[in-house]
Amino acid sequence: PFVVELENLITRSIRVSIDLVDDEVSQELNREVEVINGIKEKLKQKVNEAFQQVCALQDAYNAMCDDLADKMHSLDVDQQCHGLNNQSANIGFHKNATRIAKDIVLPDAWDSHSNYNTQRANSEIRASTALREMINNTIEQTANDLEAQRLRTEYAFRKRIHEVQMAKDELEWQQRNTKREIDVLMDDIRGLKQAIADKNKPLEVAETRSENRTYRPRVELCRDAPHDGLIEEKNVLQKTVSSLVDKHNTADDALNQLKQTINRIDEDIAIKSDSLELDETCMTKRQKLLLVSHKV
């Protein structure tokens, strides 16, 4: 589990830009690491307790073995003594045979020693049984804690993946609408360019007429109605062209803003796609946690 957690944290650290955020998933992953480290400490403590109990059991076992060996030897000696009679071959006089040995003990001390070894062994066996039960309870509890945290983390993953997918869907909707707006605006710009171009010939005609009429002779060079009409026509055409140029410039500015917007949307969609892929990769790696056995 710890390796999977580290892989998840490393994988999600690759996120970029706005998506590199300390979200609920990151918090749950860090909490999962804390849970695992706490479990490791508890299990290490139980391992140390088990080792100490094994040593205590071994000491009690060794004491029982030594006591049993002494009693077997004493039993052999007493059985040999019990078998001696007047016709035995290995009997004889021994100097000071009835002396009291230096290390001799009284029956009460002998009985107490035997009872102590037995009670000690039984006590260590009971302690071992209790410790095994505590170890099993600890393993079961830590397994439950780890499973509960795994479920919380994976819920956070699914929630985050849903949120990012929703944001990505929204961005893709905006992307489609923006592209449509760009297409419409480009059509408008092409129409405005054509309208501007269409006004050039009428303007050329009006200016050519005005220019040609300046060559009328003498008194015929009169500021008559056609003269004023040509001036008015030229002014109207120039105002129309100026208005079309203003509309073209406005539309061109709007087109540039839309292009910048679509670039930001494309970049954000790419970031969201990468984030989704990384979180889905993490979820795939977390399938290994389902294979972890907590049985003793």
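Suppose we filter segment 247-257 for residues that are over 24 Å from Pro202 (Cβ atoms) and open to solvent by less than 40 Å² (accessible area, probe 1.4 Å); how many remain? Total satisfying the criteria: 2.
Please find, among Gln58, Gln119, Gln79, Gln149, the residue that is in a helix (DSSP H, G or I) and under 30 Å from Glu24 (Cα atoms). Give the derivation first.
Values: Gln58 fails: under 30 Å from Glu24 (Cα atoms); Gln119 fails: under 30 Å from Glu24 (Cα atoms); Gln79 fails: under 30 Å from Glu24 (Cα atoms).
Exactly one of Gln58, Gln119, Gln79, Gln149 is in a helix (DSSP H, G or I) and under 30 Å from Glu24 (Cα atoms), namely Gln149.
Among the residues of segment 42-93, just one is of a type in the set (Ser, Thr, Tyr), within 22 Å of Thr118 (Cα to Cα) and without any contact (Cβ under 8 Å) to a residue 40 or more places away in the chain, namely Ser74. Within segment 172-202, the set of residues being within 30 Å of Glu28 (Cβ to Cβ) and either within 15 Å of the chain's Cα centre (by Cα) or crowded, with 17+ Cβ neighbours inside 10 Å (or both) is empty.
Given the condition in a helix (DSSP H, G or I), open to solvent by less than 100 Å² (accessible area, probe 1.4 Å), acidic (Asp, Glu) and at pLDDT below 85, answer yes or no: does some residue in segment 13-22 qualify? Working first, answer last.
Looking only at segment 13-22, we keep the residues that are in a helix (DSSP H, G or I), and these are 17-19.
Still in the list and also open to solvent by less than 100 Å² (accessible area, probe 1.4 Å): 17, 19.
Next, only the ones that are acidic (Asp, Glu) stay: 19.
Going one step further and asking which of them are at pLDDT below 85, we end up with 19.
Yes, because at least one residue in segment 13-22 is in a helix (DSSP H, G or I), open to solvent by less than 100 Å² (accessible area, probe 1.4 Å), acidic (Asp, Glu) and at pLDDT below 85.
Scanning segment 23-36 for residues that are touching a residue at least 60 places away in the same chain (Cβ under 8 Å), open to solvent by less than 50 Å² (accessible area, probe 1.4 Å) and either under 17 Å from Leu289 (Cβ atoms) or assigned to a helix (DSSP H, G or I) (or both) yields Val25, Glu28, Leu29, Glu32, Val35, Ile36. In the set (1) free of Cβ contacts under 8 Å to residues at least 24 places away in the same chain; (2) outside any loop (DSSP other than H, G, I, E, B), the condition left unmet by Ile39 is number (1).
When restricted to residues that are of a type in the set (Lys, Arg) and at pLDDT 85 or above, segment 242-296 contains 4. Going by the conditions given, is Glu124 among the acidic types (Asp, Glu), open to solvent by 100 Å² or more (accessible area, probe 1.4 Å) and closer than 27 Å to Glu41 by Cα? No. I'd like the residue in segment 212-255 that is among the polar types (S, T, N, Q) and within 30 Å of Asp187 (Cβ to Cβ) and, out of all such residues, is nearest to the chain's Cα centre (by Cα). Result: Thr250. Any residue in segment 224-231 that is at negative phi and open to solvent by 90 Å² or more (accessible area, probe 1.4 Å)? Within segment 224-231, not a single residue is at negative phi and open to solvent by 90 Å² or more (accessible area, probe 1.4 Å).
A Cβ distance below 6 Å, combined with a sequence gap of six or more or placement on separate chains, defines the contacts here; from segment 221-249, residues that are acidic (Asp, Glu) reach residues that are part of a helix (DSSP H, G or I) and open to solvent by less than 70 Å² (accessible area, probe 1.4 Å) in the pairs Glu233/Ala206.
This table checks each residue for (1) out of contact with any Lys or Arg (no Cβ under 8 Å at 6 or more places or on another chain); (2) open to solvent by less than 60 Å² (accessible area, probe 1.4 Å).
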| position | (1), (2) |
| --- | --- |
| Glu233 | yes, no |
| Val245 | yes, yes |
| Thr261 | yes, yes |
| Lys272 | no, yes |
| Leu278 | no, yes |
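Taking Leu258 as the residue in question, decide whether it is in contact with an Asp or Glu (Cβ under 7 Å, 6 or more places away or on another chain) and part of a helix (DSSP H, G or I). In short, yes.
The values are calculated or read from the model by the stated rules, or taken from the named source; none is laboratory data. Because the structure is predicted, anything quoted here is derived from the model rather than measured. Neighbour counts run over all protein chains shown; Cβ positions are idealised from the backbone, glycine included. Areas reflect the complete protein model, heavy atoms only, side chains present, ligands, DNA and RNA absent. Shrake-Rupley method; radii C 1.70, N 1.55, O 1.52, S 1.80 Å.
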